[in-house]
Amino acid sequence: MRVHVVSDVHGNSRDLKKAGDGADALICLGDLVLFLDYADHSRGIFPDLFGVENADRIVELRTARRFAEARDFGNRLWGGLEVDRRTAIESAVRRQYADLFAAFPTPTYATYGNVDIPRLWPEYAQPGTTVLDGQRIEIGGRVFGFVGGGLRTPMRTPYEIDDEEYAAKIAALGEVDVLCTHIPPDVPELCYDTVARRFERGSAALLDAIRAVRPRYAFFGHVHQPLARRMRIGATECVNVGHFASTGTPWTLEW
């Protein structure tokens, strides 16, 4: 079996169309939407609506962890639009989802990222795409468990949930061979983004499950430029695959 694993697609439908080439299946760990590209501030929903100069400013504030100022600045920009925020975002997300879901090969197994909008996925997921969140599936004789979304942060992205709800989804998986999540386990080297210069939220419940269940692999994304892309925790090889938007290259798992 050969499975390709990607995360943090962030609008890269061109490479997503090729991500399953040569593989028996594709796994996608979320963040399909591109709201704002921190490497290229001209790309994404935010600069499309408000321009690059305003995108530069909000990135500057967020990078400095001045989240309240960033939120106030964003609210002023949204207040100047003729349509409400929800309508503007959903319209842009729908355009991206139509393109991205059409790019998924068959079969694809996918879960949500923190910037995704789960309620929209059923409208765009085609028959060859299986969406899983807090669920298990067997691929080539191995059991894969999937948990999507992120934990609560000052960024207030669309699919953030409470720690208790996230822990319950992790616990519901039980014994698995491969853990597939959007966010990393709560390990500093796996959570710190060297470009954004901040710690992203990892899950303590996920780390506990890795230690207790001892899956062969734990795949995740969310942190685009981590201090460590791979780390062994006990018997588990932990692998960050959250670089797809910039590299267009999936991680390959063979057995």
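The values are calculated or read from the model by the stated rules, or taken from the named source; none is laboratory data. All of these numbers come straight from a predicted model, not from anything done at the bench. Glycine also receives a Cβ, built like all others from the backbone with ideal geometry; neighbour counts cover every protein chain displayed. Side chains included, ligands, DNA and RNA excluded: accessible areas come from the protein's heavy atoms. Shrake-Rupley method; radii C 1.70, N 1.55, O 1.52, S 1.80 Å.
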Checklist (1) of a type in the set (S, T, Y); (2) open to solvent by 30 Å² or more (accessible area, probe 1.4 Å); (3) within 30 Å of V143 (Cβ to Cβ) applied to T111, failing item: (2)
Starting from residues that are part of a strand (DSSP E or B) and either out of contact with any helix residue (DSSP H, G or I) (no Cβ under 8 Å at 6 or more places or on another chain) or among the basic types (K, R) (or both), keep the ones in region 147-183 and report whichever is nearest to P215 (Cα to Cα). V178
Name the residues in region 198-215 that are open to solvent by 20 Å² or more (accessible area, probe 1.4 Å) and either at pLDDT below 95 or within 17 Å of R152 (Cβ to Cβ) (or both), would you? R198, F199, E200, R201, A204, A205
Of E164, E189, E175, the only residue that is over 18 Å from G113 (Cβ atoms), open to solvent by 30 Å² or more (accessible area, probe 1.4 Å) and touching a residue at least 40 places away in the same chain (Cβ under 8 Å) is E189
Would it be correct to say that E123 is open to solvent by less than 50 Å² (accessible area, probe 1.4 Å), more than 28 Å from I210 (Cβ to Cβ), among the charged types (D, E, K, R) and outside any loop (DSSP other than H, G, I, E, B)? no
Can you tell me which residues in region 147-197 are basic (K, R) and modelled with pLDDT of 95 or more? R152, K169
Pick from region 75-106, criterion touching a Lys or Arg at 6+ places or on another chain (Cβ under 9 Å) and touching a residue at least 12 places away in the same chain (Cβ under 8 Å), ranking: most open to solvent (accessible area, probe 1.4 Å): A102
Inside region 216-238, can you point out the residues that are open to solvent by less than 50 Å² (accessible area, probe 1.4 Å) and free of Cβ contacts under 8 Å to residues at least 60 places away in the same chain? A218, V223, P226, A228, M231, I233, A235, T236, E237, C238
